[in-house]
Amino acid sequence: MLIFLSLAIYSLYSNINNKWLLAPPNYVLLLGSVIAFILAMKGFKYKKNLLAKTRSWTTLILSSLLVISLTLTILFTLAASSLGANEHIKTVHSPDGKYQIDFYQWDAGAAGTFGIRGELNGPLWFKKRIYLERRIETVEVEWESNERVLINNHTLNLNDGETYGY
């Protein structure tokens with residue numbers, strides 16, 4: 001349970017601070033938390049000592065809080081996606097195929113602004129936001145080399161970990 005909790009906290013941290021997102025998707029964390037909740041319920045059968053009871057109660061409380069927060073996060077994300085808040089525009093690959101960048105258009109409606117976001121894809125589900133520009137609706141991408149990309153007249157060197165807009 002502590003692993004799922006730490007992965008969920010790191011996922012929030014990486015989204016806020018624009019770091020590599022190493023945690024699995026939220027639905028995987030939710031599934032693990034539900035399994036931990038079920039195992040905590042089964043753990044109440046073993047009432048031999050105080051440590052077992054404390055462990056069961058701690059796991060039950062933490063897993064139920066994590067299940068509730070992840071469920072709300074997933075529902076909020078689905079609701080925002082259905083309203084057009086995030087729309088995938090295109091995917092571009094570097095000339096050598098080493099890098100792949102997904103571009104999304106977002107629109108916060110009356111509550112905020114709109115713009116373009118670019119995410120560099122890593123292995124498995126790892127992602128890193130490398131490009132963010134507000135109040136723009138289109139994206140033009142041109143590769144200068146295998147590591148350097150020109151996005152809307154902003155050059156980024158992906159080997160150096162450069163980002164724009166953060």
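Structure notes:
- Selection within the range 43-63: residues that are open to solvent by less than 100 Å² (accessible area, probe 1.4 Å) and among the aliphatic types (A, V, I, L, M). The member of this set that is nearest to the chain's Cα centre (by Cα) is LEU62.
- Screening PRO24 with (1) part of a loop (DSSP other than H, G, I, E, B); (2) more than 30 Å from LEU150 (Cβ to Cβ); (3) over 21 Å from the mean Cα position of the chain (by Cα); (4) not small (Gly, Ala, Ser) gives one miss only, at (3).
- Residue count for the range 108-162, restricted to those that are within 22 Å of the chain's Cα centre (by Cα), loosely packed, with under 15 Cβ neighbours inside 10 Å and under 14 Å from VAL92 (Cα atoms): 1
- First in the range 145-157 and without any contact (Cβ under 8 Å) to a residue 60 or more places away in the chain and of a type outside the set (S, T, N, Q), second anywhere and assigned to a strand (DSSP E or B) and open to solvent by 60 Å² or more (accessible area, probe 1.4 Å), Cβ under 8 Å, 6 or more apart: VAL149/GLU142; LEU150/GLU142; ILE151/TYR164; HIS154/TYR164; LEU156/ARG148; LEU156/TYR164
- Condition broken by ALA40, with the remaining ones in (1) surrounded by fewer than 13 Cβ atoms within 10 Å (Cβ to Cβ); (2) farther than 22 Å from TRP143 by Cα satisfied: (1)
- Among residues of the range 109-123, those that are touching a residue at least 12 places away in the same chain (Cβ under 8 Å) and assigned to a loop (DSSP other than H, G, I, E, B), counted: 2
- When GLY97, GLY112 are checked against the criterion of being small (Gly, Ala, Ser) and within 19 Å of ASN15 (Cβ to Cβ), GLY112 stands alone in meeting it.
- Filter result for LYS19 (open to solvent by 90 Å² or more (accessible area, probe 1.4 Å) and either more than 21 Å from ILE130 (Cα to Cα) or in a helix (DSSP H, G or I) (or both)): no
- Condition met for TYR104 (of a type in the set (Phe, Trp, Tyr), over 19 Å from THR77 (Cα atoms) and either outside any loop (DSSP other than H, G, I, E, B) or in contact with a helix residue (DSSP H, G or I) (Cβ under 8 Å, 6 or more places away or on another chain) (or both)): no
The values are calculated or read from the model by the stated rules, or taken from the named source; none is laboratory data. Everything quoted here is computed from the prediction, not taken from an experiment. FYI the Cβ positions are ideal-geometry reconstructions off the backbone, even for glycines, and counts take in every protein chain you see. In case anyone asks, the SASA skips ligands and DNA or RNA and just uses the protein heavy atoms, side chains included. Shrake-Rupley method; radii C 1.70, N 1.55, O 1.52, S 1.80 Å.
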